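Asks: Can you read through this structure? Questions will come right after.
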Ligand SMILES: Cc1ncc(COP(=O)(O)O)c(C=O)c1O
């Protein structure tokens, strides 16, 4: 819970989180020897909640913690953001009605000009904009929000900008995919989940803040029974001030093992291969006139559908998932049922993806001929 209760737990976490800044080419401000630092959270949901609390406090000069929430506070995210943002807004006392859902473009990325309009309209009516959550790789379709434009708007309006890179962030391991993080230098906080796409067992979310003082001021609390000399010296990190619970697990150990086992080049190799396999799958879909892509896949998630309509796609997914051979999830895009095929597991190889595509085609054919 404190540095004093397990110095190794704290020190290794700081060390591994700093490694990851270099490995993903993240801005230096997220390093522990700069203004910010990283902490391992259990989930992206909790990371977003902590970021929102910090944004709320910064916008109200830390008074919401003292007196309760100002009902004029407003937060913003795109209509494609993960549901955890809405949940965070409810928990943080902002209220769901005060979460503005920004429109997206044809690639399902946030429209920055709409964000600017919403903020302006709120300011005009005396509201207090405090927080924007942008996404790198939305859950539904892997949409990538335009961080440079969003960052400028947040900077101009002094809003806390949190970037949720839950799954897609891992692609930043490879220099050729670091464009997904363009604009991150303007973020106040960022997270990605090694438990999604970096071979690490659940749970493990890497969360970074640019200004640790503002962040700690939000969550820090020091009852008498936690007082100790190392904390009072100011020379150590107490991660209980960087999260909601007090006690914590030694999560950096498994991350350390993963990084040591694969090495940076090994991790890159797998990420590249996963993206390659997903793109190969997308090519097959594109070339088959019975199927279509719902959106061009930027990374390792392919959103596609059979052209035979929602009912056929539902049956196709149910049959595939019941078979136990592969597992697809679904979403709705442009109000049409859309199947989601994601490559991200340690042992997935070309032959698995090839067989999956064959199974998808076979079952679709069976369904069509029995219709
Ligand atoms: C973009 C995004 N954010 C957040 C989450 C939630 O992740 P967690 O389970 O770590 O809270 C997901 C999970 O699907 C996600 O895709």
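Asks: Somewhere in segment 70-78, is a residue assigned to a strand (DSSP E or B), within 16 Å of residue 189 (Cα to Cα), in contact (Cβ under 8 Å) with a residue 24 or more places away in the chain and within 14 Å of the ligand (Cβ to nearest atom)? Break it down into steps so the answer makes sense when it comes.
Replies: Within segment 70-78, the subset assigned to a strand (DSSP E or B) is 73-78.
Cutting the leftovers down to within 16 Å of residue 189 (Cα to Cα) gives us 75-77.
Next, from what is left, pick out any that are in contact (Cβ under 8 Å) with a residue 24 or more places away in the chain: 75-77.
Then drop every residue that is not within 14 Å of the ligand (Cβ to nearest atom), which leaves 77.
Within segment 70-78, one or more residues are assigned to a strand (DSSP E or B), within 16 Å of residue 189 (Cα to Cα), in contact (Cβ under 8 Å) with a residue 24 or more places away in the chain and within 14 Å of the ligand (Cβ to nearest atom).
Asks: Moving on. Taking only segment 219-257 into account, find how many residues are within 18 Å of residue 44 (Cβ to Cβ) and either touching a residue at least 40 places away in the same chain (Cβ under 8 Å) or surrounded by 13 or more Cβ atoms within 10 Å (Cβ to Cβ) (or both). It would help to see each step written out before you state the result.
Replies: First, the residues of segment 219-257 that are within 18 Å of residue 44 (Cβ to Cβ): 219, 239, 242-245, 248-249, 251-252, 254-255.
Now drop any that are not either touching a residue at least 40 places away in the same chain (Cβ under 8 Å) or surrounded by 13 or more Cβ atoms within 10 Å (Cβ to Cβ) (or both), which leaves 219, 239, 242-244, 248-249, 251-252, 254-255.
Result for segment 219-257: 11.
Asks: Among the residues of segment 4-19, which ones are closer than 16 Å to residue 245 by Cβ and part of a loop (DSSP other than H, G, I, E, B)? Steps first, answer last, please.
Replies: Here is the first cut: in segment 4-19, the residues closer than 16 Å to residue 245 by Cβ are 5-6, 9-10, 13.
5, 6, listed by residue number.
Asks: Only residues that are within 16 Å of residue 11 (Cα to Cα) and in a loop (DSSP other than H, G, I, E, B): list them for segment 241-272, please.
Replies: 247, 248, 249, 250, 251
Asks: Now for a separate question. Just to be sure, is residue 143 surrounded by fewer than 17 Cβ atoms within 10 Å (Cβ to Cβ), touching a strand residue (DSSP E or B) at 6+ places or on another chain (Cβ under 8 Å) and in contact (Cβ under 8 Å) with a residue 60 or more places away in the chain? I'd like the intermediate steps shown before the answer.
Replies: Numbers: surrounded by fewer than 17 Cβ atoms within 10 Å (Cβ to Cβ): no; touching a strand residue (DSSP E or B) at 6+ places or on another chain (Cβ under 8 Å): yes; in contact (Cβ under 8 Å) with a residue 60 or more places away in the chain: yes.
Considered against the rule, which asks whether it is surrounded by fewer than 17 Cβ atoms within 10 Å (Cβ to Cβ), touching a strand residue (DSSP E or B) at 6+ places or on another chain (Cβ under 8 Å) and in contact (Cβ under 8 Å) with a residue 60 or more places away in the chain, residue 143 comes out as no.
Asks: Here's a check for you: in segment 153-162, which residue that is touching a strand residue (DSSP E or B) at 6+ places or on another chain (Cβ under 9 Å) and under 17 Å from residue 111 (Cβ atoms) is nearest to the ligand (Cβ to nearest atom)?
Replies: So, considering only residues that are touching a strand residue (DSSP E or B) at 6+ places or on another chain (Cβ under 9 Å) and under 17 Å from residue 111 (Cβ atoms), the one nearest to the ligand (Cβ to nearest atom) is 161.
Asks: Still on this structure, please answer the following. Mind checking whether some residue in segment 63-75 is touching a strand residue (DSSP E or B) at 6+ places or on another chain (Cβ under 9 Å) and within 26 Å of residue 142 (Cα to Cα)? Even if it seems obvious, please write down each step before you answer.
Replies: Taking segment 63-75 and keeping what is touching a strand residue (DSSP E or B) at 6+ places or on another chain (Cβ under 9 Å), we get 64, 70, 72-75.
Restricting the remaining residues to those that are within 26 Å of residue 142 (Cα to Cα) gives 74-75.
Looking through segment 63-75, at least one residue is touching a strand residue (DSSP E or B) at 6+ places or on another chain (Cβ under 9 Å) and within 26 Å of residue 142 (Cα to Cα).
Asks: Being within 16 Å of the ligand (Cβ to nearest atom) and closer than 25 Å to residue 304 by Cα, is that true of even one residue in segment 114-134? Reasoning before the result, please.
Replies: Step one: filter segment 114-134 for residues within 16 Å of the ligand (Cβ to nearest atom), giving 131-134.
Then drop every residue that is not closer than 25 Å to residue 304 by Cα, which leaves 134.
Yes, segment 114-134 contains at least one residue that is within 16 Å of the ligand (Cβ to nearest atom) and closer than 25 Å to residue 304 by Cα.
Asks: Let me ask something else about it. Need pairs with beta-carbon distance below 7 Å; first residue touching a residue at least 40 places away in the same chain (Cβ under 8 Å) and within segment 199-210, second in a loop (DSSP other than H, G, I, E, B) and within 11 Å of the ligand (Cβ to nearest atom); sequence gap 6+ or separate chains.
Replies: 203/42; 203/43; 204/193; 205/42; 205/43; 205/193
Since every read-out is calculated from the coordinates, none of them should be taken as a lab result. Small disclaimer: the values here were computed from a predicted structure and weren't measured. Every residue, glycine as well, gets a Cβ built from its backbone with ideal geometry; the counts of neighbours run over all protein chains shown.
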